[in-house]
Amino acid sequence: SAQAVAAVRGAKTARYPLTAATTGLHLLVAAEQVPAGATRYKVQPPLRHSGHQKALWAALRDGALDAVHSGADVVDGSLKAAGDFFRAAPGTCGEAPAALLPALWARASAEGFGLEDLAVWLAAAPARAFGLDRGSIEVGRPADFCLFDPDAAADAAASDAYRGLPARGVVVSTVVRGRAAYRRGRELPAPFGRACVAGVPEGGK
């Protein structure tokens, strides 16, 4: 919310060591855009009106917010109780992270941001916050990155939460530790990723 952004900005001005983030859904969907009964948009914290959304974009611009995450709090579709916000469980469907980048890039570019900003929000800042040796492409770092075509026509969003939103670009490939984990339009071996833990080297326990 705008109030939370103001509190974070004040704390940072006072030089408190903190990291603050928001989700793609809160940046892209305002409460007044949610159709009646569309419980796919019931999340925690709840979506706010566009004034709060503008405050989030302003906070990304001035550095009060450091990062953007998928906000994926996955719940089974059967728990969304279509049409009934009181009974529906908060959360998103499992495809939400895959739909984030094209939708975020469409809006961020319209707001005057570049791909470098997205790389910071989605990779460098989270890695720094958690003390991980990732988040940038450098000699000696694990080769974890995605290849993104920012000008390609976006595919249809896999997530109901992002369906119908402006989208731009496609993820062509995802690389994990130097190996292709995803290639658009091609089948690959079973997933082979593993959890990243601060202070634990590659292959550590």
### Förster-model FRET efficiency, 30 Å R0, residue 130 and residue 44, C-beta, rounded to 0.05
0.90
### Query
For the chain, what does the equivalent ellipsoid look like in terms of its semi-axes, each the square root of 5 times an eigenvalue of the Cα gyration tensor, given largest first in whole Å?
27, 23, 17
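Express the relative contact order of the chain as a whole percentage, based on alpha carbon pairs under 8 Å and six or more residues apart in sequence. All intermediate terms of the calculation are to be shown ahead of the outcome.
Numbers: 315 pairs, mean separation 36.4, N = 205.
RCO, the chain: 18 percent.
Where both partners of a DSSP beta bridge lie in the chain, what percent of those bridges are antiparallel, to the nearest 5?
Details: 10 of 14 bridges.
Among the beta bridges of the chain, antiparallel pairing accounts for roughly 70 percent.
Show me the ranking of peptides 11-18, 50-57 by mean Cβ neighbours inside 10 Å, starting with the highest. If you can, show how the numbers build up before the last one.
Working: 11-18: 10.1, 50-57: 16.5.
The packing order, highest mean first, is 50-57, 11-18.
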### Query
If you place +1 on the Cβ of every Lys and Arg and -1 on the Cβ of every Asp and Glu, how big does the dipole about the Cα centre of the chain come out, in debye to the nearest 20?
320
### Task
On the full set of protein chains, 1.4 Å probe, figure out the accessible area of residue 196 and give it in Å² to the nearest 10.
70
### Task
At 1.4 Å probe size, with every protein chain present, just tell me what the per residue accessible area of the chain comes to in Å².
57
### Built amide H within the under 5 Å cut-off of residue 92, gap 5+
73, 74, 75
### Task
Kindly write out, for the stretch 118-132 in residue order, the coupling ³J(HN,Hα) from the Karplus curve 6.51 cos²θ - 1.76 cosθ + 1.60 (θ = phi - 60°), rounded to whole Hz, with x marking Gly and Pro.
4, 4, 5, 4, 8, 10, 5, 5, x, 4, 5, 5, 9, x, 9
### Task
Classify the stretch 24-83 as rounded, prolate or oblate, taking a ≥ b ≥ c as the square roots of the eigenvalues of its Cα gyration tensor: rounded when a/c is under 1.5, otherwise prolate if a/b is larger than b/c and oblate if not.
oblate
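Helix-derived [θ] at 222 nm for the chain: sum -39500 (n - 2.57) over DSSP H runs of at least 4, divide by residue count, nearest 500? All intermediate terms of the calculation are to be shown ahead of the outcome.
Working: 6 runs with 55 residues, N = 205.
Taking each H run of at least 4 residues, the total per residue is -7500 deg cm²/dmol.
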### Query
Under a plain spin-label model, where a point goes 7 Å from the Cα along Cα-to-Cβ, how far apart in nm are residue 15 and residue 147?
4.6
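What FRET efficiency comes out for the pair residue 2/residue 139, r = Cβ-Cβ distance, R0 = 41 Å, nearest 0.05?
Working: r = 42 Å, r/R0 = 1.02.
Efficiency at R0 = 41 Å is approximately 0.45.
Just give me a number: lysine pairs in the chain, eight or more positions apart or cross-chain, with C-alpha atoms less than 28 Å apart.
Details: 12/54; 42/54; 42/80; 54/80.
Count of close lysine pairs: 4.
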### Message
Using amide H atoms built in the peptide plane, which far-off residues or other-chain residues are under 5 Å from residue 23 H to H?
### Response
69
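The values are calculated or read from the model by the stated rules, or taken from the named source; none is laboratory data. Just so you know, these numbers come straight off a predicted model, no measurement behind them. All Cβ positions, even for glycine, are placed from backbone atoms using ideal geometry, and neighbour counts span all protein chains on display. In case anyone asks, the SASA skips ligands and DNA or RNA and just uses the protein heavy atoms, side chains included. Shrake-Rupley method; radii C 1.70, N 1.55, O 1.52, S 1.80 Å.
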